[in-house]
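Enquirer: Pasting in a structure now, in structure tokens, and then I'll have a few things to ask.
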Amino acid sequence: MTLPIPHCAIPHALSADTPADEESPAIHATHILFASAASVLLHLPSPYSAEEFYPLVAHLPEGLRLFASYVMAHALYLRGEYGRSLGMAENALIMKQGSYPISELFLHLSASMACMSLKDVDAAKAHFGAAWDIARPDGLIELIGEHHGLLQGLIEACLKTQYPDDFARIIEITYRFSYGWRRIHNPDSGEDVADDLTTTEFTMAMLACRGWTNAEIARHMGVSPGTVKNRLSNVYAKLGIGTRTELVAHMLR
């Protein structure tokens, strides 16, 4: 994943042989930021608590401070605190002073994720549209693909018809990225999820897990309720399950 690292944010003091007690607050904050980002994005235990991380964010340059807000918003999202996650992302976007496209792209994607989980589809599409306006001119669509599952059908709803070539590239990126990622994310059942479900099936399955009805999924993704029913039946068959309760246990463990 590409990280927004301005040249000025990588001073020579980041070398591994620099004693921790000689680090400036900015260098210490940078170390904690990247350790926290790795733990959040790879779903690994964090060596630092939020209480340690939050006070140090102020010492970062603005571009990295915005990325830190994304990391914190993503962590809140993973804990199911969708309202706080959205507030973190939107506050960072409102308060920024300079222009930092990659950090802003991450923040808009994070806000989209939270809005979808809050079932505020219009707000989710607005944030996704802002992310797409940043990503498309500079070819940053790989970041879009890496968030495919978390965006819960926004890519299909917003891009499939209007930008078919870009959509096809994003899905290709998603398959490459998610093949290994879903196995890491779901080590007990990753073989099935990684290899067997299409991106559309995976998206519909995740929406179903989050309490969306077939009609809501169909309306969001621009298909018929019958198509959703058939796709979810395929998911059940591929995963060897028969109910939404089993689907939740399988997908969200």
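The values are calculated or read from the model by the stated rules, or taken from the named source; none is laboratory data. Please read all numbers here as calculations on a predicted model, not as lab measurements. FYI the Cβ positions are ideal-geometry reconstructions off the backbone, even for glycines, and counts take in every protein chain you see.
Rundown of residues vs (1) crowded, with 17+ Cβ neighbours inside 10 Å; (2) closer than 17 Å to residue 113 by Cα; (3) under 25 Å from the mean Cα position of the chain (by Cα), yes/no style:
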residue: 203; (1), (2), (3): yes, yes, yes
residue: 211; (1), (2), (3): no, yes, yes
residue: 219; (1), (2), (3): no, no, yes
residue: 224; (1), (2), (3): no, no, no
residue: 228; (1), (2), (3): yes, no, yes
residue: 232; (1), (2), (3): yes, no, yes
residue: 237; (1), (2), (3): no, no, no
residue: 240; (1), (2), (3): no, no, no
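Enquirer: Further question on the same structure: Kindly indicate whether any position in region 96-119 is exposed (fewer than 15 other Cβ atoms within 10 Å of the Cβ) and polar (S, T, N, Q).
Expert: Scanning region 96-119 turns up at least one residue that is exposed (fewer than 15 other Cβ atoms within 10 Å of the Cβ) and polar (S, T, N, Q).
Enquirer: Would you tally the residues in region 101-140 being closer than 19 Å to residue 160 by Cα and of a type in the set (Asp, Glu)?
Expert: Summing the residues that are closer than 19 Å to residue 160 by Cα and of a type in the set (Asp, Glu) in region 101-140 gives 2.
Enquirer: Still on this structure: What helices (runs of 4 or more DSSP H), lying completely within region 148-223, carry at least 3 residues that are under 27 Å from residue 42 (Cβ atoms), touching a helix residue (DSSP H, G or I) at 6+ places or on another chain (Cβ under 7 Å) and modelled with pLDDT under 90?
Expert: 148-151, 164-185, 190-196, 199-209
Enquirer: Which members of region 1-31 meet the condition of being more than 29 Å from the chain's Cα centre (by Cα), modelled with pLDDT of 50 or more and in a helix (DSSP H, G or I)?
Expert: Hits for region 1-31 are 20, 21, 22.
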